[in-house]
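Have a look at the structure below, then the notes.
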Amino acid sequence: MCHRYGDNQGGVMVFTLLSILVIVGFCTLFIYQNRRNRILVFALLLKIAAGICLGFVYKYHYQGGDTLVYYNESKTIATYVLSDPLEHVGFYFTNVASEITGLTFYEQPRALFFSKILSVIYLLTGGNYWLMAVMLSIINFLCVRRLVDQITKRFPVTKLPAVVAFYFLPTFVFWTSGILKESLAIGALCLLVALALEWSEPHAKFKTGQIILVFLGGMVLWNLKYFYTAVTIPVLVSVVVFERIKSRKYRIIVPLFLLITLVVIFSVSHYNLECKACVYRSS
């Protein structure tokens, strides 16, 4: 039987309350664990505030914009999937959105991918825009924090610049918060760089959790900002291999070979990354 998510007010309220409890519980635990690091606690609260302020700016000042469109897209997708979960859940694994009426980004793969992820968060938060914005802000913050921790660990002299740039630079904090593609894309980018720094330690082990995070981060970054991925992955893989190879004989040759190989692979993996001159010559 077809139904709209908003029609089940009891279920919506339960998910809304649960998400509030999860967010409040996480923030309370985080503040308690980092009670001696006031800068980090303030950075988290600032990030959450930025995500909420982003919504206020677009809703009440601009009275429209991408963040509100993405929210409506997530609502449309969530309603469609819930109308027949067993039949429609497969939509999350395809790029075909023509069967859903009311979608704005049905011909834009990157925006559609983000809207799909957002629709899951929509369901988990009972469709509350502000809770969704807070969740995305927290996800971005955790990824950024992992990168800052690795930077300050490997290069202690850069601690102050890294903290200021990633935690308090207004343009970075504001435009990577709330319901925007950049929240997940930049978060994924920071996560990948952080993991590369972790693995570049000579005796570091490749843990299962890290491998899963690399897969998820790479998938999210590729689908949201493929041009970032095409540059980031070859460089990070080459750096990790360079740092872990002890033999002077192969320390330059192997990373360089990997860098060139991965650049070539990524250059033909998306039509926008192909060499236009080569395309013109072949035609």
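Roughly how many nanometres apart are two label points built 7 Å out from the Cα toward the Cβ at residue 24 and residue 211?
Label-label distance for residue 24 and residue 211, simple model: 4.0 nm.
Where does helix 129-154 land angle-wise versus the long Cα axis of the chain, in degrees 0 to 90, nearest 10?
Relative to the chain, helix 129-154 is tipped by roughly 20 degrees.
Would you mind telling me the share, in percent, of accessible area of the chain contributed by carbon and sulfur at probe 1.4 angstrom?
Working: 11030 of 16160 Å².
The nonpolar share, carbon plus sulfur, comes to 68 percent.
Ranked highest first by the average count of other Cβ atoms within 10 Å around their residues, in what order do 60-67, 37-44 fall? Don't jump to the answer; show the numbers that get you there.
On the way: 60-67: 12.5, 37-44: 15.2.
In descending order of packing, they fall as 37-44, 60-67.
State the Cα centre-to-centre distance between segment 29-50 and segment 167-219 in whole Å.
19
Write down the radius of gyration of the chain and its Dmax, each obtained from C-alpha positions, in Å.
21.1, 67
In nanometres, what is the gap between the two model label sites at residue 56 and residue 152, each 7 Å from Cα along Cα-to-Cβ?
Distance between label points: 2.8 nm.
If we sort 23-34, 192-203 on the protection proxy, mean other Cβ atoms within 10 Å, highest first, what's the order?
Working: 23-34: 12.9, 192-203: 18.0.
Highest-to-lowest ranking by the protection proxy: 192-203, 23-34.
Measuring from label point to label point, each 7 Å out along Cα→Cβ, what is the residue 272 to residue 37 span in nm?
Each label point lies 7 Å from its Cα, and together they span 3.5 nm.
How high is the FRET efficiency between residue 110 and residue 164 when r is their beta carbon distance and R₀ equals 51 Å, given to the nearest 0.05? Kindly include the intermediate steps, with their values, before the conclusion.
Working: r = 30 Å, r/R0 = 0.60.
The pair residue 110/residue 164 has a calculated efficiency of 0.95.
The values are calculated or read from the model by the stated rules, or taken from the named source; none is laboratory data. Every value quoted in this text rests on a predicted model; they were computed, and no experiment measured them. Reconstructed Cβ throughout: ideal geometry from the backbone, glycine too, with neighbour counts over all protein chains shown. Remember, those area values only see protein heavy atoms, side chains included, never the ligands or the DNA or RNA. Shrake-Rupley method; radii C 1.70, N 1.55, O 1.52, S 1.80 Å.
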